1. Kindly indicate whether Val294 is in the same structural domain as Val424 (by TED's automatic domain parsing) and under 23 Å from Ala384 (Cα atoms).
2. Can you confirm whether Ala184 is crowded, with 21+ Cβ neighbours inside 10 Å, at negative phi and within 9 Å of the ligand (Cβ to nearest atom)?
3. Of all residues in region 166-181, which are within 16 Å of the ligand (Cβ to nearest atom) and open to solvent by less than 10 Å² (accessible area, probe 1.4 Å)?
4. Condition (residue is at pLDDT 95 or above, surrounded by fewer than 20 Cβ atoms within 10 Å (Cβ to Cβ), small (Gly, Ala, Ser) and touching a Ser or Thr at 6+ places or on another chain (Cβ under 6 Å)) applied to region 220-236: is it met by at least one residue?
5. Which of the numbered conditions does Phe389 fail, given that it passes all the others? Conditions: (1) within 22 Å of Thr303 (Cβ to Cβ); (2) in a loop (DSSP other than H, G, I, E, B); (3) of a type outside the set (Val, Ile, Thr).
6. If a residue must be within 14 Å of Asp41 (Cα to Cα), within 6 Å of the ligand (Cβ to nearest atom) and of a type outside the set (Gly, Ala, Ser), how many such residues does region 199-219 contain?
7. Pairs under 6 Å by beta carbon, first residue on the phi < 0 side of the Ramachandran plot in region 439-454, partner open to solvent by less than 30 Å² (accessible area, probe 1.4 Å) and assigned to a loop (DSSP other than H, G, I, E, B), six or more apart or different chains?
8. What about Gln142, is it surrounded by fewer than 19 Cβ atoms within 10 Å (Cβ to Cβ), assigned by TED's automatic domain parsing to the domain that holds Glu90 and under 19 Å from Ser250 (Cα atoms)?
Amino acid sequence: MSEPRVYHNLIGGEWVASASGKTFESRNPADSREVVGIFQDSSADDINAAVAAARTAYPTWRLMPAPKRGEIMFRAAQLLRDRKEQYSREMTREMGKVLSETGGDLVEALDMLYFCGGEGRRLHGQTTPSELPNKWQLSIRQPVGVCGLITPWNFPMAIPSWKMLPALICGNTLVIKPAEDTPASTYNLVQCLIDAGLPPGVVNIVTGYGPSAGQPLVEHLDVNIISFTGSTATGRRVTELAAPTMKRVSLELGGKNPMIVLDDADLELALEGVTWGAFGTTGQRCTATSRLIVQRGIAQEFTHRVVERAQGLRVGNGLDTDAQVGPIINQRQMERVLNYIEIGQQEGARLLCGGQRLTGGAHAHGWFIAPTVFADVRPQMRIAQEEIFGPVLSILTVDSFEQAITVANDVQYGLSSSIYTRDVNKAYQAMRDLYTGIVYVNAPTIGAEIHLPFGGTKATGNGHREAGQQALDLFSEWKSIYVDYSGGLQRAQIDNAE
Ligand code: TXE
């Protein structure tokens, strides 16, 4: 095995070691003997240097015409496409998910490059008539300044792209602190931007752990926005840490996403959907289908078929083209998922398949868990309420459509939901009444496209949306401009009726 690559922080266009000289390893979750890369274990000193570099680069980048900023993204997209195979393999080595999924993760970044590149020629505001004669008025977007971006490990390139590219097209500069388990894919995306002509200091990368590297970024007085994706607990902490500086904070947190299957549904279609929604990415998606809410008439038959499917899934190293489900990201997360399986059994849910770590053979050195299905789950059980973030599906049985909607909504999260039915009236009622940021009809809870807003209600976030044109609202500040060409003082906000 060749020597692992040593990655440096990117600060002001230079590749530099952490101020302390400390580093950490990122390992392959499918084979923990393999070191994927060595990264800088950074602290407040490194964050301070990176924020200063971003601040220095800001005035010039802000004034670069947005279509020109977009052209850099178009060129980067071409480079990313050319490097797709290599980067997908590297992503599978650091994150674990199967190659077709890491290819999909990369393609999301590609789509985002094209989408945001195109926004460079729009960034629309409004023009509107005035209530006074000979006066003209409009609203325009202006950048906010320096953005601090903190990303998780489950979408190692897509999520950084969702944050970096809208920030950049709006004219901001940034510091990104990628997840400690999967930093390499952030480097790969940024390398494409650099090779496409991104000026130094516009994007800075600082690697390290949450408390030592993430926290100083959140607290920094000269950082204007924090965009964070991760756990609800850390999101809450980030909000508290940012509050004294009054900076804008965008949070994309957990989910407990339900799929409803009514008696009249196309069961074969629903079966395909739940298998992909629950066990794709090993259940490590914020939109993963973690609750299956089935109507009583089909519950027994459908549960039986779901279990059959789950048992047939091939779990293995994502680089193995035969594997359908990869490992869990790390030992801590694996233990967390196994603990939830334990809790489910203690709560009285019926374990129908899986439930254990896979060991031996191809699984000997990785963090693998067998696809797991629980039946007889009641709505208030912890496995029906809390985000598990692993290949664990909880099946709940209901008597009616109305009960299904109530159960679906009765959790602290509100990211994604789905309904399978052939009844068009019920489908429309569900679209109206499911209180989530995303609703799917006859499709699983995963599969968001980048040109629609992404995010959720309740504890899933704090009201912001990523992706779509709505992402621009986070990374820009509105300015309203009034131009009076009457040559006299025209007084607004005064009773001119006379
Ligand atoms: O997340 P953390 P973890 C959920 C999922 C998972 C759980 C734990 O339920 O089981 O979170 O995962 C940085 N100040 N999601 O521990 O801790 C950290 O370095 C600033 C859902 O990996 O939230 C990393 O870059 N930053 C989620 C990022 O926060 C801090 C995807 C996320 O880490 C910090 C991932 C601090 N004090 C996990 N502490 C989704 N919404 O998709 C940590 N970080």
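1. Values: in the same structural domain as Val424 (by TED's automatic domain parsing): yes; under 23 Å from Ala384 (Cα atoms): yes.
Against the criterion (in the same structural domain as Val424 (by TED's automatic domain parsing) and under 23 Å from Ala384 (Cα atoms)), Val294 qualifies.
2. Answer is no for this residue.
3. Result: Leu174, Val175, Ile176, Lys177, Pro178, Ala179.
4. Checked against the condition, which is being at pLDDT 95 or above, surrounded by fewer than 20 Cβ atoms within 10 Å (Cβ to Cβ), small (Gly, Ala, Ser) and touching a Ser or Thr at 6+ places or on another chain (Cβ under 6 Å), region 220-236 yields no hits at all.
5. (1)
6. Of the residues in region 199-219, 3 are within 14 Å of Asp41 (Cα to Cα), within 6 Å of the ligand (Cβ to nearest atom) and of a type outside the set (Gly, Ala, Ser).
7. Hits for this filter: Thr445/Thr287; Ile446/Thr287; Ile450/Ala467; His451/Gly468; Leu452/Gly468; Pro453/Gly468; Phe454/Ala467.
8. The answer is yes for Gln142.
The values are calculated or read from the model by the stated rules, or taken from the named source; none is laboratory data. If you're wondering where the values come from, they're calculated on a predicted model, not measured in any experiment. FYI the Cβ positions are ideal-geometry reconstructions off the backbone, even for glycines, and counts take in every protein chain you see. Note: accessible area is taken over every heavy atom of the protein model, side chains too, but ligands, DNA and RNA are not part of it. Shrake-Rupley method; radii C 1.70, N 1.55, O 1.52, S 1.80 Å.
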